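To start, the structure under review is shown below, and the notes come after it.
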C-alpha cells in the first residue's frame, strides 16, 4: 500500500478536477507523505480494525469529503468529492496500484485472490459513497477502465500537479526514512501509465526500465528473509492475533 499509494496519488493529481479540489482546499500543498500516511492509517483501520474502528474511519473520510466542492477556475467545471466519476477514479487508482505492487514485490496472489481483493475493496468504496454498479466488476475490467481514462485525453498534468509531484521527488528532510521515501517515489513515477509518466517529465528509457526491474526483483527476492515485523504491518499483525489468538 505504501508503494502503490504513492503511485495512486500521482495518478489522482493528473485528474484536473481532483487537483483543483486539492489546490482549493490546500490538500496538495501540504506534505504529501503526511497525507499518504494519514490515508494509509485510515485504510488500515477500515481493513484491519474492529467494526467500531472501521466505522470511525469511514465517518471521518465522509465528513471531510462533505466540504470538498467548488468550481475549477482552470476548466470552469464543478467538482464534488462525492461525484461518482471522481470517486471511481480515486478508487480504481488505489486498487490497481496495490495489485500492481503486490505482483511486482510479493507475487503470491493468483487471479482468484486478486479478484477477491478487488471485491473486498468494492465494499470499502460503497461505504465511501460509490455505488457498486459504477465499479467495473472484475480486475481486468478495472484495468480496462484505467486504460480508457488514460487514452481519453481527459487526464492532464497541470502546473499544480507538477508542484505536487515535486514534493514527492524531494521528501522533507525531517521525513522518517527519507532515503526509502525517495526510492518509493522513484518506483511510483516509474510505474505510472506511460502517457501520465511522460506528462510528469518521466520519458521512456531503457536504463530506467532496467533499473526498475532490477530493484523490484531484488526487493521481491529479499522480502521473505525479512523479519515478520517488517513484512507485515502492525495493524495486520494485531488483526491476525485478534482473530486467531495464540494464547
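Every number here is computed from the coordinates shown, using simple stated rules; none is lab data. These figures come from a predicted structure and were not determined experimentally. Neighbour counts run over all protein chains shown; Cβ positions are idealised from the backbone, glycine included.
Sorting 226, 181, 206, 9 on the 10 Å Cβ count, fewest up front, what's the list? Kindly include the intermediate steps, with their values, before the conclusion.
Working: 226 11, 181 20, 206 7, 9 25.
Ordered by Cβ neighbours within 10 Å, fewest first: 206, 226, 181, 9.
When Rg is the radius of gyration of the Cα atoms in the chain and Rh is its Kirkwood radius, what does Rg/Rh come to? Before the final figure, lay out each step's value.
Numbers: Rg = 18.0 Å, Rh = 19.0 Å.
Rg/Rh: 0.95.
Per DSSP H run of at least 4 residues, take -39500 (n - 2.57); add these up for the chain, divide by its residues and hand me the 222 nm value, nearest 500 deg cm²/dmol.
About -21500 deg cm²/dmol.
Return 38, 162, 204 ranked ascending by Cβ neighbour count within 10 Å, so the fewest neighbours appear first.
Least to most surrounded, the residues fall as 204, 38, 162.
In nanometres, what is the gap between the two model label sites at residue 148 and residue 127, each 7 Å from Cα along Cα-to-Cβ?
It is 2.8 nm.
Would you mind ranking 238, 73, 102 by Cβ crowding within 10 Å, fewest neighbours first? Show your work: numbers first, answer last.
Numbers: 238 15, 73 9, 102 18.
Final ranking by Cβ density, sparse to dense: 73, 238, 102.
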